[in-house]
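For reference, the structure I am asking about is given below.
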Amino acid sequence: MLIKKLYADYILAYPIQILAALLIGIFLLGFGATKLEVDASAETLLLEDDADLQFMREVSSRYPSGLDMLIISFAPKNDLLSGESLQAIEKISNELKKLERVDSITNILEVPLLENGSGSIKELVDNIVTLKSPNVNLEKAREEFLTSAIYSQNLVSKDLKTTSIIVMLKPDSTYAHLLQKRNDAKTKEELASASKEFKIYRDDLRLREHKLIYDLREILKNNKDAGELFLGGVNMIAVDMITFVKNDLMYFGIALFLLFIFALWLIFRQLRWIVLPLLICVLSIIATTGILGFFGWEVTVISSNFIALQLILTISIVLHLTVRYRELAIKYMQAKQKKLILVAVLSKLNPSFFAVFTTIIGFLSLILSNIKPVISFGWMMASGISLSLIIAFVAFPTILMLLPKKTLYTKFEKEFAFSSFCAKIVHKKGYLVIAASVFFVIFAFFGIQKIKVENSFIDYFKSDTQIYQGMKNIDQNLGGTTPLDLIVDFKTAEEIQNDDFDDFEAEFEESKNDPKYWFSPQKTQTAIRVHDYFENLEHVGKVQSLGTILKIGKRLNDNKDLDGFELALIYTQLPAQYKDIVLSPFLNIDYNELRFTMRLIDSDPNLNRNELLKKIQNDLGEIITPDIGNYRLSGTMVLYNNMLQSLFKSQISTIGAVALVFLIIFWPLFKSLRAAIIGIAANLIPMGVVFGFMGYIGIPLDIMTITIAAISIGMGVDNVIHYIHRFKEELSKDGDYVQAMYRSHNSIGYAMYYTAIATVLGFSVLVFSNFIPTIYFGILTVAVMIMVFFGAILLLPKLLIMVKPFKCKW
């Protein structure tokens, strides 16, 4: 009664004033929309409290980080070691060195050619030869590049047709400091202050990053006549991803509006039923983006489709209102406009509220993921759909009150009576619906067990994008792309004493902090064994470590292993510019540790990242025994794998919890436990079919597709709620389940049909994204929504007729 009085005495009595107040509120929220920002940094794809993330940051502070590096792959038109090619490399390198953020350049011209000289190790160290040296032997240099454990598949390709120019950027200690300061904040005030300081600096850094990438690409464009040039690196990916996300936000919205205009015109053929739904959609988008801006929720790769989702969810609400109003207007042609609007709004308020409420629950299940952008996405969509419900139930009746009644166009309903056709299938061929459902349950059960969780970063992008081309070229020609590190922490003198070593050994171990003694046989043998293990491991590309220099040293030392004193000589006497290439990245005497770096062949279709990490972890236990020390894997691959596995576990575990929550909601809502179970089954079975299909054809769950379950179960139950609500209303008229089904199909069935069309059209625009997971997300969500629609319009009514969950007075 209170809601009825609110609408009758206020909203419908003063439509101009209420609408003006709504528009003023949305206008004020619109200022927040100007603060909406995009974040495509690596941090957006990491777990909030991942211990491996903290460890990687510690490792990065002790060694050069790939995050401060860009790679240019260059395939010259002439022979790589020809004068023309070497001049082109030098020209490009000199131009790169002039860029403000560039710290140093590494290319084949400046690296030490250890096999180009002769004499003892000391003589080689004292007289380093490079391609720039006047006495360089080009044939020896060619052989070294082809066979060197340092350069082959790292600085040059196996066929010596491609080389890399490594651009080291100036370290940005301020960014790392501010990030750590934000992460260490203990109070709300500290967090707010640190976050603001970090954000200001990060935004400025993004502008500089964008300019850097632009300038780099201009240099490459100006030198394209020399050969084929591709740019790769984390900084470039972040810059391009921001562009992709911004384009997706704009193009998805425009494409959706055009599709919705076409669909609404096709169905209703009247201007008011085109303008009114789209106007409400626009108001909802403005309000939602304003809320996001005020709360500081940034749009990421994961939430880049939020505008499309918001439009789809909003128009679904409006279509249910529209169809109900039209149904009443046709049935009661003499009724006044206010009465029609009031009855339409009040009859749809209850089911729409619970439909939106269950959708919100589906989205809020994402907040259990422990991944900040996924959590934000859940809150963003929960807030957005809440605003859509409020705006739709205020704007729809007030705007319609200002419009005169008009004769309705109903030709589409009569000529395309699809819901009536479905009703006949339920009645006459219901056994086929049940048989098909049983088959789909079996199909889904076995298919879902085949689903895998994978994260091929190269395959995230279309083949015509610069990200894909650069990564693919580096992946196949220069030793892989996805970095993986191993840190071996040797036992200290104190630990050795505790393990009952004698005093002499402990004293000797203590002295090993001196480079002259640090390179012990145990350390060098461990370096060789681990290095060889990784080099022989499938899916691993280039491996670099102390083992690399040990192998080269053996070749230079008449096939004899380098001893500790010779290694110490190299370590102490090698010029810093060369030491930073061949030694410093792979050992840290102060921390008593070795570092092994490798890159995985990300484009390898047989690569199972999670299984590979498990295998490495187990195998290393036999090589690095407890008496040697400890070991730990680190790097981007570990972090992304942790993120995916965590997201998979959280989403799979929450699906059952969400279904249980829905059951608890449906039971009192439908006043029948059996009806509640039927409603859940009619939603889960169609969803299972799509996930089973993914398992059979090998589509992996990734950062985007893994969220489909939460989104689909939340959106899918909308039809269930609307249909059962109307079915109960029709059943109360005569107690005839079959006739109630026919009447429900010929009323709410149209709204379900129209919203299905809108949903399918809405998600289909995602296929135009440059981000492959977004394309998969769009295609698979379309498939889920189609299956859920058929579940609601075929399986649901058939189960209601079979089980008869409602008591009738008749």
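Considering (1) aliphatic (A, V, I, L, M); (2) touching a Leu at 6+ places or on another chain (Cβ under 8 Å); (3) modelled with pLDDT of 85 or more, say which one ALA355 fails and leave the rest.
Here ALA355 clears every test but (2).
Residues that are within 23 Å of VAL690 (Cβ to Cβ): find the helices (runs of 4 or more DSSP H) completely inside segment 705-810 holding 2 or more of those.
708-734, 748-764, 772-790, 796-803
Just to be sure, is GLU538 open to solvent by 20 Å² or more (accessible area, probe 1.4 Å), in contact with a helix residue (DSSP H, G or I) (Cβ under 9 Å, 6 or more places away or on another chain) and within 30 Å of ILE467 (Cβ to Cβ)?
Answer is yes for this residue.
Also: Please determine, by comparing only the residues of segment 614-633 that are farther than 12 Å from PHE534 by Cβ and open to solvent by less than 40 Å² (accessible area, probe 1.4 Å), which one is nearest to the chain's Cα centre (by Cα).
Across segment 614-633, the extreme among qualifying residues is GLY621.
Can you tell me which residue in segment 211-243 is modelled with the highest pLDDT, limited to those that are polar (S, T, N, Q) and open to solvent by less than 30 Å² (accessible area, probe 1.4 Å)?
My answer is ASN223.
Any residue that is under 36 Å from the mean Cα position of the chain (by Cα) and of a type in the set (D, E, K, R) - is there at least one of those in segment 61-70?
Checked segment 61-70: at least one residue is under 36 Å from the mean Cα position of the chain (by Cα) and of a type in the set (D, E, K, R).
Then there is this: Yes or no: THR162 of a type in the set (S, T, N, Q) and within 24 Å of VAL102 (Cα to Cα)? Before the answer, list the steps.
Details: of a type in the set (S, T, N, Q): yes; within 24 Å of VAL102 (Cα to Cα): yes.
When the stated conditions are applied, THR162 passes them.
Just checking, does segment 328-348 include any residue being farther than 24 Å from LEU23 by Cβ, in a helix (DSSP H, G or I), of a type in the set (Ser, Thr, Tyr) and open to solvent by 20 Å² or more (accessible area, probe 1.4 Å)?
Yes, the conditions are met somewhere in segment 328-348.
While we're here: What are the residues in segment 1-22 that are without any contact (Cβ under 8 Å) to a residue 12 or more places away in the chain and either touching an Asp or Glu at 6+ places or on another chain (Cβ under 7 Å) or in a helix (DSSP H, G or I) (or both), if any?
LEU2, LYS5, LEU6, ASP9, TYR10, GLN17, ALA20, ALA21 - these are the residues of segment 1-22 that are without any contact (Cβ under 8 Å) to a residue 12 or more places away in the chain and either touching an Asp or Glu at 6+ places or on another chain (Cβ under 7 Å) or in a helix (DSSP H, G or I) (or both).
On the basis of being at pLDDT below 85 and over 25 Å from ILE434 (Cα atoms), does PHE771 make the cut?
Here the answer is yes, as PHE771 does meet what is asked.
Right, next: What are the residues in segment 584-613 that are of a type in the set (Gly, Ala, Ser) and under 27 Å from SER61 (Cβ atoms), if any?
If we filter segment 584-613 for residues that are of a type in the set (Gly, Ala, Ser), which is where we start, we get 584, 603.
Result: SER584, single match.
Right, here's the next one. Within segment 249-263, does at least one residue satisfy the condition of being assigned to a helix (DSSP H, G or I), without any contact (Cβ under 8 Å) to a residue 60 or more places away in the chain, surrounded by 14 or more Cβ atoms within 10 Å (Cβ to Cβ) and over 30 Å from the mean Cα position of the chain (by Cα)?
Taking every residue of segment 249-263 in turn, at least one turns out to be assigned to a helix (DSSP H, G or I), without any contact (Cβ under 8 Å) to a residue 60 or more places away in the chain, surrounded by 14 or more Cβ atoms within 10 Å (Cβ to Cβ) and over 30 Å from the mean Cα position of the chain (by Cα).
Let me ask you something else. Taking the residues in segment 761-810 that are surrounded by fewer than 22 Cβ atoms within 10 Å (Cβ to Cβ) and of a type in the set (S, T, N, Q) as candidates, determine which candidate is farthest from the chain's Cα centre (by Cα).
SER764
What residue, among those in segment 638-657 that are hydrophobic (A, V, I, L, M, F, W, C) and surrounded by fewer than 21 Cβ atoms within 10 Å (Cβ to Cβ), is farthest from HIS722 (Cα to Cα)?
LEU639
Restricting attention to segment 611-638, which residues are more than 17 Å from LEU53 (Cα to Cα), in contact with a strand residue (DSSP E or B) (Cβ under 9 Å, 6 or more places away or on another chain) and touching a residue at least 40 places away in the same chain (Cβ under 8 Å)?
Our first condition is that a residue be more than 17 Å from LEU53 (Cα to Cα); within segment 611-638, this holds for 611-612, 614-630.
Cutting the leftovers down to in contact with a strand residue (DSSP E or B) (Cβ under 9 Å, 6 or more places away or on another chain) gives us 612, 616-617, 620-621, 623-624, 628-630.
Residues satisfying the conditions are LEU612, ILE616, LEU620, ILE623, ILE624, ILE628, GLY629, ASN630.
Looking for something at pLDDT 85 or above and either among the polar types (S, T, N, Q) or open to solvent by 40 Å² or more (accessible area, probe 1.4 Å) (or both) - is there at least one such residue anywhere in segment 712-724?
Yes, some residue in segment 712-724 is at pLDDT 85 or above and either among the polar types (S, T, N, Q) or open to solvent by 40 Å² or more (accessible area, probe 1.4 Å) (or both).
While we're on this one: Can you tell me which residue is nearest to the chain's Cα centre (by Cα) among those in segment 132-151 that are assigned to a loop (DSSP other than H, G, I, E, B) and more than 14 Å from GLU110 (Cβ to Cβ)? Break it down into steps so the answer makes sense when it comes.
Keep residues of segment 132-151 that are assigned to a loop (DSSP other than H, G, I, E, B), which gives 132-137, 148-151.
From the residues that got through so far, the ones that are more than 14 Å from GLU110 (Cβ to Cβ) too are 134-135, 137, 148-149.
Details: PRO134: 51, ASN135: 52, ASN137: 49, SER148: 38, ALA149: 35 Å.
Among them, the one singled out is ALA149.
Another question about this same structure. For the structure I just gave you, tell me whether ASP580 is over 30 Å from LYS472 (Cα atoms) and out of contact with any helix residue (DSSP H, G or I) (no Cβ under 6 Å at 6 or more places or on another chain).
Taking the combined requirement at face value, the residue does not satisfy it.
Okay, moving on. The conditions are (1) open to solvent by less than 10 Å² (accessible area, probe 1.4 Å); (2) over 25 Å from ASP9 (Cβ atoms); (3) hydrophobic (A, V, I, L, M, F, W, C), and ILE360 fails exactly one of them. Which is it?
(1)
Just wondering, is there one or more residues in segment 295-316 that are part of a loop (DSSP other than H, G, I, E, B), among the charged types (D, E, K, R), touching a residue at least 24 places away in the same chain (Cβ under 8 Å) and surrounded by fewer than 24 Cβ atoms within 10 Å (Cβ to Cβ)? Working first, answer last.
In the first step, residues of segment 295-316 are kept if they are part of a loop (DSSP other than H, G, I, E, B); the result is 296-298, 300-305.
Next, only the ones that are among the charged types (D, E, K, R) stay: 298.
Narrowing the set further to residues that are touching a residue at least 24 places away in the same chain (Cβ under 8 Å) leaves 298.
Now drop any that are not surrounded by fewer than 24 Cβ atoms within 10 Å (Cβ to Cβ), which leaves 298.
Scanning segment 295-316 turns up at least one residue that is part of a loop (DSSP other than H, G, I, E, B), among the charged types (D, E, K, R), touching a residue at least 24 places away in the same chain (Cβ under 8 Å) and surrounded by fewer than 24 Cβ atoms within 10 Å (Cβ to Cβ).
So, PHE763, is that one farther than 19 Å from CYS422 by Cβ and either modelled with pLDDT under 85 or in contact with a Pro (Cβ under 9 Å, 6 or more places away or on another chain) (or both) or not?
Considered against the rule, which asks whether it is farther than 19 Å from CYS422 by Cβ and either modelled with pLDDT under 85 or in contact with a Pro (Cβ under 9 Å, 6 or more places away or on another chain) (or both), PHE763 comes out as no.
Might you check whether a residue that is surrounded by fewer than 18 Cβ atoms within 10 Å (Cβ to Cβ) and either within 30 Å of GLN469 (Cβ to Cβ) or in contact with a Pro (Cβ under 6 Å, 6 or more places away or on another chain) (or both) occurs anywhere in segment 546-555?
No, the conditions are met nowhere in segment 546-555.
Also, quick follow-up: With a cut-off of at least 2 residues that are within 22 Å of THR482 (Cβ to Cβ), name the helices (runs of 4 or more DSSP H) lying wholly within segment 605-702. Working first, answer last.
Details: elements: 609-623, 636-670, 673-697.
Here the list reads 609-623, 636-670.
Considering only residues that are assigned to a helix (DSSP H, G or I) and at pLDDT below 65, look in segment 28-50 and name the one that is most open to solvent (accessible area, probe 1.4 Å).
Top of the filtered list is GLU43.
Moving to a separate point now. Please specify each residue of segment 264-280 satisfying the condition of being touching a residue at least 60 places away in the same chain (Cβ under 8 Å) and either within 30 Å of ARG599 (Cα to Cα) or in a helix (DSSP H, G or I) (or both).
LEU266, ILE267, PHE268, ARG272, LEU276, LEU279, ILE280
Identify, from the list PHE412, PHE439, PHE443, the residue that is among the aromatic types (Phe, Trp, Tyr) and closer than 24 Å to ILE280 by Cβ.
Numbers: PHE439 fails: closer than 24 Å to ILE280 by Cβ; PHE443 fails: closer than 24 Å to ILE280 by Cβ.
Being among the aromatic types (Phe, Trp, Tyr) and closer than 24 Å to ILE280 by Cβ holds for just one of PHE412, PHE439, PHE443, which is PHE412.
Look through segment 284-294, keep the residues that are more than 22 Å from the chain's Cα centre (by Cα) and under 20 Å from THR759 (Cβ atoms), and return whichever of them is surrounded by the most Cβ atoms within 10 Å (Cβ to Cβ).
Filtering segment 284-294 for residues that are more than 22 Å from the chain's Cα centre (by Cα) and under 20 Å from THR759 (Cβ atoms), the one surrounded by the most Cβ atoms within 10 Å (Cβ to Cβ) comes out as SER284.
Could you please find all residues in segment 468-487 being in a loop (DSSP other than H, G, I, E, B) and not small (Gly, Ala, Ser)?
Taking segment 468-487 and keeping what is in a loop (DSSP other than H, G, I, E, B), we get 478-481.
LEU478, THR481, listed by residue number.
The values are calculated or read from the model by the stated rules, or taken from the named source; none is laboratory data. Nothing here was measured: the structure is a model prediction, and the numbers come from that model. So basically every Cβ, Gly included, is an ideal-geometry build from the backbone, and we count neighbours across all protein chains shown. Accessible surface areas use protein heavy atoms only, side chains included; no ligands, DNA or RNA. Shrake-Rupley method; radii C 1.70, N 1.55, O 1.52, S 1.80 Å.
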